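*Asks:* Here it is: the structure, laid out below.
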Amino acid sequence: MSILITNIAELMTQDAEHRVLRDAAVVIEGERISWLGPAADAPAADERVDAGGRALLPGWVDSHTHLIFAGDRTAEFEARMAGQSYSAGGIAVTTGATRSTSDFDLTRLAMGRVAEAVSQGTTYLETKTGYGLDLENEARSARIASTVADEVTYLGAHLVPAGMDAEEYTELVCGPMLTAVRPYVRWADVFCEQGAFNEDQSRRVLLACKAAGLGLRVHGNQLGEGPGVRLAVEVGAASVDHVNYLSAADVDALAASWSGWDAAGGSGTRGTVATCLPACDLSTRQPLAPGRELLDAGVQLALASNCNPGTSYTSSMAFCVTTAVLQMRLSVHEAVRAATYGGALALGRESGNDVDGERAVGSIAVGHRADLHLLNAPSATHLAYRPGIPLTHAVWRAGVAQPIR
């Protein structure tokens, strides 16, 4: 079954050539993109979709979410809006609610959040454990996450549970808990922050998970300057997320990690992606991550929603893109790239085609997965030009049209 999408006013490929095509068309064959180019040259297909002069983007790639949870933290949000500062301790509230919720209900809640994200143009997403915080519940969260998300990250090192010794808990995270979650996860993460895990504990967690064959990510430098960025680069983490408070040395370390990467061609030795979470920054009233400075230094950037119940209860990647343009000084093209190709790069899914059998996401190119987001606007500029207006017109995920709420 082939589908021709034609009469596309603006096709933003986010491929290695950063192409923006006008009056374009795309052909989907099964779950892959089989052709793209000028609409006048488009081949025949089994089905024809008239884009009506709208803009087509890659689907959003949300590389940082926390979707496996139950409960509500509205009171915490209200207190923070009234002036109370954010600390990591609120995670414990969600842990209690999550532990007491059945598998069926946790799965139902997570599936609803994924559907909400997809209906807004997200076609590939990661989610984490981290609200179980004991062996049984972390394994359960990993298992449930593996049924609803494209990528699963082990975040047993989210917070030390109340009443438990930090060193003993770190050993649990590095040992039996890691063994229990391993069948369900591809990545591991640690909250390296004051009030969570210190540098030594974080390093032990990351090295144990790396030895177990997991890719690495780090929550770092959210609440102040600290070791998170430096540690992420040291252990070869795929991304370090939050990055609100960066020293000049932190920026230099991230930039140096990409010195062997051909940014134009998208090839070479990968470094550590800096993932900015602007919706979280607004909710916690932290300074926005310095995305402009990071890009100018040569760091590869991602944008993600950080959808979670405490500090960023949104799955709207469009909101993150809008904020990056209006308040972080990214161009529209840079912000869209960070929310598509950048997220794929942070998840190691920026490359792959028919030859290797693992199709790339986050960009529109022949052989890549057909993850497409059609806007109800003639150009992607409208994402920032019309902030807050729902602009998703249609979504294809692996070549399949998705319901729009």
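*Asks:* Listed highest first by mean packing, meaning other Cβ atoms within 10 Å per residue, what order do 70-81, 171-182 come in?
*Replies:* 171-182, 70-81
*Asks:* If you rank SER34, SER239 by how much accessible surface each has, with a 1.4 Å probe, what is the order from largest down?
*Replies:* The residues order as SER34, SER239, largest area first.
*Asks:* Please report the equivalent ellipsoid semi-axes of region 39-193, computed as sqrt(5 x eigenvalue) of the Cα gyration tensor, largest first, in whole Å.
*Replies:* Semi-axes (√(5λ), whole Å): 36, 20, 14.
*Asks:* Given a 10 angstrom Cα cut-off, can you work out which residue in SER100, SER146, SER331 is the most mobile in a GNM of the chain?
*Replies:* Comparing SER100, SER146, SER331 in the GNM, the peak value goes to SER100.
*Asks:* Give me the extension gain from ARG285 to ASN198: residue separation times 0.36 nm, minus the current Cα-Cα distance, reported in nm with one decimal.
*Replies:* 29.0 nm
*Asks:* State whether region 212-256 is rounded, prolate or oblate according to the following rule on the C-alpha gyration tensor (a ≥ b ≥ c being the square roots of its eigenvalues): a/c under 1.5 gives rounded; otherwise a/b larger than b/c gives prolate, and the remaining case gives oblate.
*Replies:* Oblate shape, in that a/c is at least 1.5 and b/c is the bigger or equal ratio.
*Asks:* While we're looking at this one, here's another question. For the chain, build the charge dipole from Cβ charges (+1 Lys, Arg; -1 Asp, Glu) around the Cα centre, then report which of GLY213, ALA360, ILE28 sits farthest towards its positive end.
*Replies:* Checking the options against the dipole of the chain, the answer is ILE28.
*Asks:* Mind checking the dipole of region 68-180: about its Cα centre, +1 per Lys or Arg Cβ, -1 per Asp or Glu Cβ, Debye to the nearest 20?
*Replies:* So the magnitude is around 340 debye.
*Asks:* A further question on this structure: Take ASP252 and THR147, extend 7 Å from each Cα along the Cα→Cβ direction, and tell me the distance between the two endpoints in nm.
*Replies:* A separation of 5.0 nm, rounded to one decimal place.
*Asks:* Along the Cα-to-C-beta direction of SER267, a point sits 7 Å from the Cα; which residues of region 315-348 have their amide N less than 19 Å from that point?
*Replies:* Label zone hits: 345, 348.
*Asks:* A follow-up question, please. If I stretch the segment between VAL400 and GLU358 completely, what's the gain in nm (0.36 nm per residue apart, minus their alpha carbon distance), one decimal?
*Replies:* Full-extension gain reported as 13.4 nm.
*Asks:* Additional query: Set the Förster distance to 41 Å, then compute FRET efficiency between ALA212 and ALA40 from the Cβ-Cβ distance, nearest 0.05.
*Replies:* Computed FRET efficiency for ALA212 and ALA40 comes out at 0.20.
*Asks:* Here's another thing I want to ask about it. Which value, in Å² rounded to 10, gives the accessible area of ASP281 with a 1.4 Å probe and all protein chains present?
*Replies:* 0 Å²
*Asks:* Distance between the C-alpha centers of region 119-189 and region 375-405? Whole Å please.
*Replies:* For region 119-189 versus region 375-405, the Cα centre distance is 32 Å.
*Asks:* Which shape class applies to region 201-334: rounded if a/c is under 1.5, otherwise prolate when a/b exceeds b/c and oblate if not, where a ≥ b ≥ c are the square roots of the Cα gyration tensor eigenvalues?
*Replies:* oblate
*Asks:* Can you give the helix-only mean residue ellipticity at 222 nm for the chain, where every DSSP H stretch with n ≥ 4 adds -39500 (n - 2.57) and the sum goes over all residues, rounded to the nearest 500 deg cm²/dmol?
*Replies:* -9500 deg cm²/dmol
*Asks:* Treat each spin label as a single point 7 Å out from the Cα along the C-beta direction, and report the MET111 to GLU47 distance in nm.
*Replies:* 2.2 nm
*Asks:* Where the convex hull is taken over the Cα atoms of the chain, what is its projected area averaged over directions, in nm²?
*Replies:* 18.4 nm²
*Asks:* Also: Which value, in Å², gives the accessible area per residue of the chain when a 1.4 Å probe is used on the protein heavy atoms?
*Replies:* 37 Å²
*Asks:* Mean separation of Cα pairs under 8 Å and 6+ residues apart, divided by the residue count of the chain: what relative contact order is that in percent?
*Replies:* 20 percent
*Asks:* Between PRO58, PRO43, ILE8, whose Cα lies farthest towards the positive end of the dipole of region 1-64 when Lys and Arg beta carbons carry +1 and Asp and Glu beta carbons carry -1, centred on the Cα centre?
*Replies:* ILE8
The values are calculated or read from the model by the stated rules, or taken from the named source; none is laboratory data. Keep in mind that this is a model prediction, so the values were computed, not measured. Ideal geometry is used to build each Cβ from the backbone, glycine not excepted, and the neighbour counts take in all protein chains shown. These area figures cover heavy atoms from the full protein model, side chains too; ligands, DNA and RNA do not enter into them. Shrake-Rupley method; radii C 1.70, N 1.55, O 1.52, S 1.80 Å.
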